[in-house]
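Asks: My questions will all concern the structure given below.
Values in this text are rule-based calculations from the coordinates and carry no lab data. The shown structure was predicted, so the numbers you read here are calculated from the model rather than taken from an experiment. Backbone-built Cβ (ideal geometry, glycine too); neighbour counts: all protein chains shown.
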Amino acid sequence: MKWTAIRPGRRQMEVEGPAAVQLDPVRESVAITLDDVTRSFGRRDVLRALSLHIAPNEFVAVVGRSGCGKTTLLRTIAGLESVDHGQVAIDGVPVVGLRRDLQLLCPEPRLLPWHRIIANVGIARGQGWRGRALAALTEVELRERADDWPSALSVGQKQRVALARALVSRPRVLLMDEPFDALGVPARSELQQLLIRLRGDYRFTAVLATRDVREALTLADRVLIMRDGAVAKEFTIQTPLQLRRASPALAHLEQSILAAV
Amino acid sequence: MKQLHPRRNRRGLKLMTPVEEAGHPWESDLAADDAVPSDTLRDEPARFSAVRLLPALRSSRGGAPVAKPRPLGDMALTWLLPVLLLAGWEAASRLGYLAPRILPAPSAVVLAFRENLQNGALIHHTLISIQRALVGLVIGGGLGFMLGIVNSAAAIGGKRTGLTPRMLRAMPHLAVIPLVILWFGRDESAALFLISAGVFFPVYLNTRNGIRSVDRGLIEMGRVCGLSTGALYARIILPGALPSILAGLRYALGVMWLALIVAETVSAKWGIGSMIKNAGAAAQTDVVLLGILDFALLAALADMAVRWIERRALAWHPSTQTGFEVAR
């Protein structure tokens, strides 16, 4: 696995105190850089000369209407789509294919109906997968459903299982493509709170594509407005995550973002 | 009404759990068949299942809410016609209205059965036929399965392949018998070729189509999670294609019996087909009928075996899960 070998000096930035030293050194989060990325399908340009830097451990929300290129952006970062021009790099290494330290959450949970929940979470297997899968299920509060078939779970629970499956490999990059889209309001806010809690423990760099401005404001450090395959505007959110629910400043920001979309 | 019914828990241990639905595993399946008239042709052999023929058993075991307990008169009607038919047939034979050359009396078939069972001929013929059918199934089905995987592997990678033997499939394969006899002679290999060729196409096409219809999102998920190609097939692609593959296998079994009968009638010295042919040449209609019943029994048993495999392998499938499983 090449990403363990080639690692430019990100370490000085992360190691600040005794707490940071205890972290698994391989599992620090990483920066994502897009440089002048262009991608077209046929005659349609989906990404147009898009440049972007996402800092390690940052949570970026990409907001835009359907068809503005959010999904293509995520798939390009994931290495599932090639680029026509420009370069995508994670941790300074150009992305040429799939990386083991990157996980992608899709609008649909993509669970295997012929495997129990536990086997779905530990799909990658490997040594001690059962214990790690159980731990991840505990994180998403679904440990007691480990031996159920996926068909017995609700949509929200399935999406939480998908999140657990992503967490098992301790990803350094977590890409989320409208993961809350099919969920009802209670399940949605439940999963959002879960993500806020897990962010602190897992230390991944996150990119969330969404159409829901409020969702972006609840979760993200920075909100990018995407239009016609490029970043049209961006807003940095200073309010701490815990205080966001009732913040008047955010209500104001929501209005200006809605105007920008 | 609840009743105790053995079922396996997730660790494979047999448990006695209350199941509100039908008592016997076959039973719900058959009820489902009734609801789908288009399916009945394919499921014909299953109608020999004892559970279906004995509706009285169902109600006496505590009742099944799915199928309403039938009134006694209804049940009598079900049995009346076959029994009357048999009795009329027997009477017609004894009274000389039905020549034994045309159709033997039912009692004559029973006698022929006893005789052929005692001299070992029936068992021998049957075992030869089963062996021939299985070897043909393994060769043709194995080739079809492997080619189906190879052919769809490229499609999984996003490429289209041109190898579609549509014309070969559309051709009734029994039409090539004269050629097959010229190639192989009236030999065991001719029979095996016919059976294998007949089995090959349903297995091949269903494997290929099953694999192609596996949700691309699931395959992509597997790749994102870092599965190797082998693990991708073992955990995602083949399980996803399994319902289709098993449907192909059941269809292949039907073709297999047909090819077996034809091949044995044409070329073999042993086997149920040749028994029927020789008996027909000697005007022993009772033995002919015995052979036909033997074939029917084998076909029914084979179909039940595949259904059992389906039930075991597709336990995850919503259609095979009981209310007990879903309610949790």
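Asks: Would you work out if the stretch B:105-327 is rounded, prolate or oblate? Take a ≥ b ≥ c from the square roots of the eigenvalues of the alpha-carbon gyration tensor; rounded if a/c is under 1.5, else prolate when a/b is larger than b/c, oblate otherwise.
Replies: oblate
Asks: A further question on this structure: Give me a comma-separated list of calculated 3J(HN,Hα) values for the stretch A:183-188, in order, Karplus coefficients 6.51, -1.76, 1.60 applied at θ = phi - 60°, integers in Hz, x for any Gly or Pro.
Replies: Each residue's phi maps through the Karplus curve to give 8, x, 4, x, 5, 5 Hz.
Asks: Another question, if that's okay. Under a Cβ-Cβ cut-off of 13 Å, what is the net charge of the residues other than B:Ala279 that fall near it, where Lys and Arg count +1 and Asp and Glu count -1?
Replies: Taking every Cβ under 13 Å from that of B:Ala279, the sum is -2.
Asks: Follow-up. Compute, for the stretch A:76-159, the length of the dipole vector about the Cα centre, with Cβ point charges of +1 (Lys, Arg) and -1 (Asp, Glu) only. Units Debye, rounded to 20.
Replies: Roughly 340 debye, rounded to the nearest 20.
Asks: What list do you get for A:Phe204, A:Phe41, A:Phe180 if you sort them by fewest beta carbons within 10 Å? Don't skip to the end; give the middle numbers.
Replies: On the way: A:Phe204 27, A:Phe41 10, A:Phe180 24.
Least crowded to most crowded, the residues run A:Phe41, A:Phe180, A:Phe204.
Asks: What is chain A by shape, rounded, prolate or oblate, if you read a ≥ b ≥ c off the alpha carbon gyration tensor as root eigenvalues and call it rounded for a/c under 1.5, prolate for a/b larger than b/c, and oblate otherwise?
Replies: Because its axes are fairly even, with a/c under 1.5, chain A counts as rounded.
Asks: For each of A:Glu139, A:Glu144, B:Glu264, count neighbouring Cβ atoms within 10 Å of the residue's Cβ, then give the residues from fewest to most.
Replies: A:Glu144, A:Glu139, B:Glu264
Asks: Now, a different point. How do A:Val185, B:Val255 rank when sorted from fewest to most other Cβ atoms within 10 Å of their own Cβ? Present the calculation step by step, with values, prior to reporting the outcome.
Replies: Values: A:Val185 8, B:Val255 21.
If I rank by nearby Cβ atoms, fewest first, I get A:Val185, B:Val255.
Asks: List the relative contact order of the stretch B:105-327 as a percent without decimals, with contacts defined as Cα pairs under 8 Å and 6+ residues apart.
Replies: Values: 243 pairs, mean separation 57.7, N = 223.
About 26 percent, as a whole number.
Asks: Right, something else. With a 10 Å cut-off between alpha carbons and a GNM built on chain A, which of A:Ile237, A:Ile77, A:Ile117 moves the most?
Replies: A:Ile237
Asks: How charged is the neighbourhood of A:Gly67? Take every other residue with its Cβ under 10 Å from the Cβ of A:Gly67, and add Lys/Arg as +1 and Asp/Glu as -1.
Replies: Local charge sum for A:Gly67: +2.
Asks: Using only DSSP helix segments of four residues or longer, with each worth -39500 (n - 2.57), what per-residue ellipticity at 222 nm results for chain A after dividing by its residue count and rounding to 500?
Replies: Calculated from helices alone, the mean residue ellipticity at 222 nm is -9500 deg cm²/dmol.
Asks: Then there is this: I'd like to know which of A:Met176, A:Ser247, A:Val231 lies farthest towards the positive end of the charge dipole of chain A, counting +1 on Cβ of Lys and Arg and -1 on Cβ of Asp and Glu.
Replies: Of the options given, the answer is A:Met176.
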